[in-house]
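The values are calculated or read from the model by the stated rules, or taken from the named source; none is laboratory data. Remember, it's a predicted structure, so these values are computed and weren't measured experimentally. All Cβ positions, even for glycine, are placed from backbone atoms using ideal geometry, and neighbour counts span all protein chains on display.
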């Protein structure tokens, strides 16, 4: 053995004698955990103080290397606890898709940070933009139809669903009538109808598998004649409930002119030509504006056109006006060139005008009566019962509440009014309402999820 090797041997022995320290074991699979992901079905959500069954958001979470059930989701921060606290956010479900709900504390806006926590100490966040409107009367029986704030007409689609028209767009929306939330389906027939501006849909009625829709037939709020508002059209219904589908079945654009010609030929009794003249605002006591459409008793051809304006006579306390169109289906299928009319019907609604009218198969009618002028709750509203027969007097059932925002615009269908505990569902047009106390009308809100109309069930005892 060489002298240098003999010198190194003690050092090698000493090193070999040093014990090897074991490193801590890593959890199995820890190195493979990815950063969790979190997405929302919508980044914006609206609620109401004291609401029952507010709209919700679906939160989808995942993490590579981990089962979805191992992830937790909760609110971790809020920008305005006076609107919604982190504890006001509830997340239900254990899979990859969770349901998030918020209980509003107050009116206004709050950004809520929603955090998903996964395995391996990893997490991710996303911001939910939340808006809360004020508490309303009958909150337990109220629901919110989001996506639009300007509901103006509604018909039953069966299976707990309704089709709702809008006076600020030409979109028809299918909603679950018993639950708050966004439409499950939408249709816009503007292109097929040859219109580029709003029809100002204000009324609708259904016979069999056909829904008839009408624009207001009036000028815009500035008195400008807008021909697209003169549109009447029909849609064919296939399916029912959530499976409802609509297709265009016909249209007519001459009803406004026919009504004016008919009134001119009868001594200008109702002043239609003057009320509809260029420069005349439609929502005047002597204006020209349609907001009701329903068939006469036992008929599938004669339909009452209900006027918001004019009153007759056009003075405070005047009567509401219905004009029967005796050939409505023929107009829309192209077999008639012009409308024909029956004798007008004048109704005492306590100085109010027609905001909607609906009939059931028993020949019982409900009339939503409201001001010819008010766009909101600044004037009285009432619900009347009528038998549809000219000369018979409507009976007031209830005064509708006006302490909340919104204008009562539509009744979806009519129950048997003689049945104990009969209830009817009414819908508000909230387009002019400042829902979130920021000075912005609902129709002008940026995000459709924050726009909403309200439906409420009323007992008609």
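Tabulated data for the structure shown
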{"item": "Single unsatisfied condition, residue 248 versus (1) crowded, with 17+ Cβ neighbours inside 10 Å; (2) outside any loop (DSSP other than H, G, I, E, B); (3) touching a residue at least 24 places away in the same chain (Cβ under 8 Å)", "result": "(1)"}
{"item": "When residues of region 283-311 are limited to those that are surrounded by 24 or more Cβ atoms within 10 Å (Cβ to Cβ) and assigned to a loop (DSSP other than H, G, I, E, B), the one nearest to the chain's Cα centre (by Cα)", "result": "288"}
{"item": "Which listed residue is touching a helix residue (DSSP H, G or I) at 6+ places or on another chain (Cβ under 7 Å), surrounded by fewer than 18 Cβ atoms within 10 Å (Cβ to Cβ) and outside any strand (DSSP E or B), from 256, 269", "result": "269"}
{"item": "Set 140, 192, 182, 131: member being over 10 Å from the mean Cα position of the chain (by Cα), under 20 Å from residue 46 (Cα atoms), at pLDDT 95 or above and surrounded by fewer than 21 Cβ atoms within 10 Å (Cβ to Cβ)", "result": "140"}
{"item": "Set 363, 350, 334: member being farther than 22 Å from residue 300 by Cα, out of contact with any helix residue (DSSP H, G or I) (no Cβ under 7 Å at 6 or more places or on another chain) and assigned to a loop (DSSP other than H, G, I, E, B)", "result": "350"}
{"item": "Residue count for region 366-381, restricted to those that are outside any loop (DSSP other than H, G, I, E, B) and within 13 Å of residue 405 (Cα to Cα)", "result": "1"}
{"item": "Residues satisfying the stated conditions in region 421-440, i.e. at negative phi and free of Cβ contacts under 8 Å to residues at least 12 places away in the same chain", "result": "440"}
{"item": "Filter result for residue 216 (in contact with a helix residue (DSSP H, G or I) (Cβ under 6 Å, 6 or more places away or on another chain) and under 18 Å from residue 373 (Cβ atoms))", "result": "yes"}
{"item": "Number of the condition not met by residue 224 [criteria: (1) surrounded by 21 or more Cβ atoms within 10 Å (Cβ to Cβ); (2) part of a loop (DSSP other than H, G, I, E, B); (3) over 24 Å from the mean Cα position of the chain (by Cα)]", "result": "(1)"}
